[in-house]
1. Work out, step by step, the length gained on full extension between ASP354 and PHE310: first 0.36 nm times the residue separation, then minus their alpha carbon distance; give nm to one decimal.
2. Using the alpha-carbon centroid of each, what span in Å lies between segment 57-81 and segment 1-46?
3. So how far, in whole Å, is the C-alpha centre of segment 346-376 from the one of segment 111-179?
4. List the trypsin sites (Lys or Arg not before Pro) in segment 64-123 that DSSP assigns to loop (not H, G, I, E or B) and whose Cβ has at most 15 other Cβ atoms within 10 Å. Which are they?
5. Once a ≥ b ≥ c are taken as the square roots of the eigenvalues of the Cα gyration tensor of the chain, is the result rounded (a/c under 1.5), prolate (a/b larger than b/c) or oblate (a/b not larger than b/c)?
6. Could you work out the Kirkwood radius for segment 10-179, taking every pair of different alpha carbons, averaging 1/r and inverting it, reported in Å?
7. If I compute solvent accessible area with a 1.4 Å probe over the protein chains, what percent of it on the chain is carbon and sulfur?
8. Most fluctuating residue of THR314, THR244, THR132 in a GNM of the chain with Cα springs under 10 Å: which is it?
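The values are calculated or read from the model by the stated rules, or taken from the named source; none is laboratory data. From a predicted model like this one, the values you see are computed outputs, not experimental measurements. Virtual Cβ from ideal backbone geometry, glycine too; neighbours counted across all protein chains shown. With ligands, DNA and RNA removed, areas are computed over all heavy atoms of the protein, side chains included. Shrake-Rupley method; radii C 1.70, N 1.55, O 1.52, S 1.80 Å.
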Amino acid sequence: MNYKIKMPPAVYGGTDSVQILREILKKEHAKDVILFTDPGVKASGVVDSVVEIVKRQGTRFRIVDHLVPEPSAEDVQAILDEISEINCDLILAVGGGSTMDAAKLISILKGSKFCVRDLLNDSSSPQKRIKTIMIPTTCGTGSEATCNAIVAKPEEKLKVGIVSDEMIADYIILDPAMISGLPKKIVASSGIDALAHCVECYTSNKANPFSDVFALAGAKLIFKNIEKAYANPTDTVAKNNMLTGAFYGGVAITSSGTTAVHALSYPLGGTYHIAHGVSNAILFAPVMECNLPACADRLADLCDAIEPSFSNQTQQEKALHVVHRIREIVSFTEIPPSLKSFGVPKSDLDFLTDAASKVTRLLNNNRKKLTLEEIRSIYQQVL
Ligand SMILES: NC(=O)c1ccc[n+]([C@@H]2O[C@H](COP(=O)([O-])OP(=O)(O)OC[C@H]3O[C@@H](n4cnc5c(N)ncnc54)[C@H](O)[C@@H]3O)[C@@H](O)[C@H]2O)c1
Ligand SMILES: [Zn+2]
């Protein structure tokens, strides 16, 4: 099997690691920095320490703080148009996956002849024009580590992934202070998203020796820490482990790829605007249960990593335990087990089945080739 791994060149982490920003700004001789964030992150105050450092460095900078969560192609284009006349030689993204994805797109599009829509069909042409520093504030999409940016395509009621090696971040800072005040709901949704990245990448057709290392280590960290991070917001060890696990999940995505959980999740985000992590959480166990016959061996490996007391059990029992743990975590973190509370009508079952079946980029990664009937049955379980 052929594979590659695209690693971000510089990753800093640990307590107060945000201070490294000073060195980075010096090294890059940055004159005009744009800091991208969103209103929720700005209101949480976590941006303040970053702003302080940039200000003390005497670098000219501007904050663009009205990025929207889970943006459409047009939302990102509007920001690009707005800043088209503003100089920028370094991009700082402080936020969750939504902010980082928008910043990554801007890093290859600002000042180019391309627009966001051009990349929906072919993302191979634009080259990186502005270096990026990613500081994640959720735990999380792993977007800081990936070459992907996800945007909504409202006319198809879908979300689509734009993939380009040029979008890999130049610097990443994983500072636990950035997620210390993260609302519990977002610890839950972004944490389960990160877990899905690890489990899907480990059970993917694209799994390989490189991605396995990160997917397995990330899954282990998240399985062991997500409930602690959710239940006790001041558990900094658990939060730190979540941030690391989420980053590992992102690295695994660059070499392997997510599978049917994310594929079936896309129409839910695109149509009903259910948060990415929430729709993944609802679909996670039912999809893995359906996948079980094709990946019991891989799920059993995950069980060995998280539950040594199961060492004498059969492969099937170990695999089932992982599915059980996923259900347990979704329930513990109080994410609704079904789509009922999100206003998804049962009559949309055919639409959802059809829309998900078109997400072939991810369905092709799924070890079990899902039939339309199986996709339908998974949605039926959660409607
Ligand atoms: N590029 C990738 O590889 C990749 C992978 C998975 C998901 N995604 C995309 O990422 C997006 C989801 O990102 P996300 O789950 O990180 O959430 P997000 O960036 O959409 O943020 C969710 C909410 O949390 C708030 N928030 C974030 N950090 C906070 C903090 N520290 N304190 C208080 N509030 C905070 C934000 O203001 C926002 O309202 C989706 O669009 C998804 O499709 C991208
Ligand atoms: Zn995801």
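1. Numbers: separation 44, 0.36 × 44 = 15.84 nm, distance 3.90 nm.
Separation in residues times 0.36 nm, less the Cα-Cα distance, equals 11.9 nm.
2. Between the Cα centres of segment 57-81 and segment 1-46 lies a distance of 16 Å.
3. With segment 346-376 and segment 111-179 each reduced to a Cα centre, they are spaced 25 Å.
4. Details: sites: LYS104, LYS110, LYS113, ARG117; in loops: LYS110, LYS113.
Qualifying residues, ordered by number: LYS113.
5. Numbers: a/c = 1.75, a/b = 1.40, b/c = 1.25.
Since a/c reaches 1.5 and a/b is larger than b/c, the shape of the chain is classed as prolate.
6. Numbers: mean 1/r = 0.0633 Å⁻¹.
For segment 10-179, the Kirkwood estimate is 15.8 Å.
7. Details: 7920 of 15310 Å².
Of all accessible area on the chain, carbon and sulfur atoms account for 52 percent.
8. Result for the chain, Cα springs under 10 Å: THR314 fluctuates most.
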